[in-house]
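Below: one structure, written as structure tokens.
The values are calculated or read from the model by the stated rules, or taken from the named source; none is laboratory data. Everything quoted here is computed from the prediction, not taken from an experiment. Counting neighbours? That spans all protein chains shown, and the Cβs are built from the backbone with ideal geometry, glycine included. Surface accessibility is based on the protein's heavy atoms, side chains included, excluding ligands, DNA and RNA. Shrake-Rupley method; radii C 1.70, N 1.55, O 1.52, S 1.80 Å.
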Amino acid sequence: RARGWILDLYEDLAKHASFAGIVFHDDAFLTDYEDANPDALAAYRAAGLPGNVAALRADRDARARWTALKTRALIDLTLAAADHARRWRAPLETARNMYAEPVLNPAAEDWFAQSLPAFLAAYDRTAIMAMPYMEQARDPDAFLRRLYARVTAEPGGVAKTVFELQAADWRHRPARPVPAATLRAQLRLLQRLGAHHMGWYPDDFVRGLPEASVVRDAINARSFPYRR
């Protein structure tokens, strides 16, 4: 029933709003303790898995199959939502956000039900949260280099990946803007490494953050003439 409501919502949105793409955000995840709902347990049993979360976590093979099942279920739900939107908006491209940890450490798929190879195969773009401060990285540049290297290891990874930098530092309350000069330097680093697609979040257009005068040349098509 909930799935039906979700799909109807995407279709209604497509009826009444004009857009050419959908980004499925990073809150579409399941942890290594989810989902213990009775319907979910029944789905695990139907897939030949134990119908008990503790048993699933205790067996390495069962846990790997359980993780893959959850990853696939979330992908299938998002693709179904896109198909419902396409009834009214076509062509329509798709993108899916994911955390950096499952990219840097594939074993972390357990914790999020997110997989870089699976996302690259399923969506037009995969938007990786290339956010060193959120990840408590001691060396932000080294973090970005590691992330880029991991993406290049996947076939077609660079062409289909958006590196999503952070423009706010949420370690502080309230969040502090990341200096525009820092953001520009990180964009330039990714460009030098060979990245095709970059962006940042959040973009505070009301307060003008990050300052356009500082970052403009790093995203200007005249200074970065990549064409897909």
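Table for the structure above
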| quantity | calculated |
| --- | --- |
| Positions within the stretch 74-114 being more than 25 Å from PHE19 (Cα to Cα), open to solvent by 20 Å² or more (accessible area, probe 1.4 Å) and of a type outside the set (Phe, Trp, Tyr), in sequence order | GLU101, LEU104, ASN105, PRO106, ALA107, GLU109, ASP110 |
| The stretch 203-223, subset part of a loop (DSSP other than H, G, I, E, B) and in contact with a Lys or Arg (Cβ under 9 Å, 6 or more places away or on another chain), residue modelled with the highest pLDDT | PRO210 |
| The stretch 186-202: number of residues that are surrounded by 14 or more Cβ atoms within 10 Å (Cβ to Cβ) and either in contact with a Pro (Cβ under 6 Å, 6 or more places away or on another chain) or not in a strand (DSSP E or B) (or both) | 9 |
| Every residue from the stretch 125-148 that is closer than 17 Å to ALA28 by Cα and either in a loop (DSSP other than H, G, I, E, B) or open to solvent by 30 Å² or more (accessible area, probe 1.4 Å) (or both) | ARG125 |
| One residue from GLY194, GLY199, GLY156 being touching a residue at least 24 places away in the same chain (Cβ under 8 Å), more than 16 Å from the chain's Cα centre (by Cα) and under 30 Å from ASP83 (Cβ atoms) | GLY156 |
| Residue selected from the stretch 11-46 under the condition over 20 Å from ASP110 (Cα atoms) and within 19 Å of the chain's Cα centre (by Cα), by the criterion most open to solvent (accessible area, probe 1.4 Å) | VAL23 |
| Residue check, PRO177 open to solvent by 50 Å² or more (accessible area, probe 1.4 Å), within 22 Å of the chain's Cα centre (by Cα) and touching a residue at least 12 places away in the same chain (Cβ under 8 Å) | yes |
| Qualifying position, being out of contact with any helix residue (DSSP H, G or I) (no Cβ under 6 Å at 6 or more places or on another chain) and open to solvent by less than 80 Å² (accessible area, probe 1.4 Å), among ALA58, ALA64 | ALA64 |
